[in-house]
Amino acid sequence: MHDTPHIVSDVMTRTVVALGRGATFKDIVKTMQQWKVSALPVLEGERRVVGVVSEADLLAKEEFRDGDPDRYTQLRRLSDLVKAGAVTAEELMTAPAVTVPAYASLAQAARIMARSKVKRLPVVDDEGRLKGIVSRSDLLKVFLRDDEEIAEEVRREVVAHLFPTPIVPIRVEVSDGVVTLAGRIRDTTLVPVAARLVRAVEGVVDVDCVLMGPPRRPDLDADFPDGEEGRRTSGVGDTS
């Protein structure tokens, strides 16, 4: 399963504009406007990421411009008040920076973004040095994969390994990223496994497994229903 991007370094933007600790408030705003970005990494030394300045960090200055907040606001939003008086990147930045290693999977990067509620992440090497930036839109690029390309990977990497000798050849069809598996297999307990592995293929939107077990033999299986007893799984969260 290595035909398509699987790690952050495959989809990240490698040309990254960054700031030093001493960058001034106005320089930060100008840089964001010029490069049309909403956040900038702050570096020190050998391009090590020490923080990130975002538009939210800058807006505190505008929010508290008109006067002093009441005591309750002062206690509840102390960090924002500190940023309202800040004039350099070092004072404004959120630190430590939330970053992602270049070798992380796209799923790991997506989880970090969701957990941290950020739209982009600095990508770093093992020493914390900046290597690129990955955004939400970068992570969504995998869903642009061609349906036949997805189908071929499912056939080669899932079906061929799980069901090397099916009773009836497994049919793999993909439409708009939704994968359908159909056929007869010898062991229906493998259906949830197949569904889980197919969902792990990049670009897959959903999985519909219509895999049945061996047909009933009336002379030996009189107490069992017809061969339609095979398991079916459908939907992102269904694995049974």
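When the Cα convex hull of segment 145-189 is projected onto planes of every orientation, the mean area is 3.1 nm². Straight-line cross-link partners of LYS83 among the lysines, defined as a Cα under 21 Å from its Cα and at least 8 positions apart when in the same chain: LYS26, LYS30, LYS61, LYS117, LYS119.
Put in line by how crowded their Cβ is, counting other Cβ atoms within 10 Å and starting with the fewest, VAL168, VAL134 read VAL168, VAL134.
Placing a label point 7 Å from the Cα of ARG14 along the Cα-to-Cβ direction, the residues of segment 97-115 with a backbone N closer than 19 Å are 100-106.
Peptides 140-150, 103-113, 86-96, ordered by how many other C-beta atoms sit within 10 Å of their residues on average, highest first, read 86-96, 103-113, 140-150.
Starting from the Cα of VAL87, step 7 Å toward the Cβ, then list every residue of segment 24-49 with an amide N under 19 Å from that point. Answer for segment 24-49: 24-31. Residue order for SER9, SER38, fewest other beta carbons within 10 angstrom first, comes to SER38, SER9.
According to the Cα gyration tensor, what semi-axes, each the square root of 5 times an eigenvalue, does the equivalent ellipsoid of segment 8-142 have, listed from largest to smallest in whole Å? It would help to have the intermediate numbers written out before the result.
On the way: eigenvalues 159, 53, 35 Å².
For segment 8-142, the semi-axes come out at 28, 16, 13 Å.
Bear in mind that the values in this text are calculations on the coordinates, not laboratory data. Small disclaimer: the values here were computed from a predicted structure and weren't measured. Note that we place each Cβ from the backbone using ideal geometry, even for glycine, and neighbour counts take in every protein chain shown.
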